[in-house]
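Heads up: the structure comes next, in structure tokens.
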Amino acid sequence: MTQQTQINAMEKYSLCYNSAVSKKALDPVAFDVRGVSDVADVFMIVSGSSNRQIKAIVDSVEETLREAGEKSYHIEGYDKAWWVLVDAGDVVIHVFSEEARTYYDLESYWSDAKRILPEDK
């Protein structure tokens, strides 16, 4: 049964972080982009070591969002599993292959944003 309550961005991030880490996501990094971006409040970046792991991370995050009652989210790039984007509105999760993460280097774009540490969840 899904919850009917609305969760805030940090609660949603925490759920997604825990879900990704439960599938052994590599090098999770998150940024509080409020005031820096109009797109979302939190950007989270993780990697997977194979297409199978990347899909498992995305499937777990999707299940977690659904269980939390979140109905408005969109997933892109799942079939190729090179770079999968989970847009959950105020939280955006990027799940990269290790090669794609190095190539796109998204972390460098958010140097003005506050990095969220795991203990901040």
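The values are calculated or read from the model by the stated rules, or taken from the named source; none is laboratory data. In this text the structure is predicted, and so the values were computed from the model without any measurement. Neighbour counts run over all protein chains shown; Cβ positions are idealised from the backbone, glycine included.
Identify, please: which residue in region 1-46 is assigned to a loop (DSSP other than H, G, I, E, B) and among the charged types (D, E, K, R) and is, among those, modelled with the lowest pLDDT?
The qualifying residue modelled with the lowest pLDDT is 38.
Restricting the search to region 54-102, which residues are under 16 Å from residue 12 (Cα atoms), aliphatic (A, V, I, L, M) and part of a helix (DSSP H, G or I)?
Of everything in region 54-102, those that are under 16 Å from residue 12 (Cα atoms), aliphatic (A, V, I, L, M) and part of a helix (DSSP H, G or I) turn out to be 57, 58, 61, 65.
Could you list, in sequence order, all residues of region 38-91 that are closer than 19 Å to residue 24 by Cβ, within 11 Å of the chain's Cα centre (by Cα) and among the β-branched types (Val, Ile, Thr)?
Once the filter is applied, which keeps residues that are closer than 19 Å to residue 24 by Cβ, within 11 Å of the chain's Cα centre (by Cα) and among the β-branched types (Val, Ile, Thr), region 38-91 yields 45, 46, 57, 58, 61, 84, 86.
In the set 91, 95, 86, 58, which member is at pLDDT 95 or above, surrounded by 23 or more Cβ atoms within 10 Å (Cβ to Cβ) and touching a Lys or Arg at 6+ places or on another chain (Cβ under 7 Å)?
Values: 95 fails: touching a Lys or Arg at 6+ places or on another chain (Cβ under 7 Å); 86 fails: touching a Lys or Arg at 6+ places or on another chain (Cβ under 7 Å); 58 fails: touching a Lys or Arg at 6+ places or on another chain (Cβ under 7 Å).
Among 91, 95, 86, 58, only 91 is at pLDDT 95 or above, surrounded by 23 or more Cβ atoms within 10 Å (Cβ to Cβ) and touching a Lys or Arg at 6+ places or on another chain (Cβ under 7 Å).
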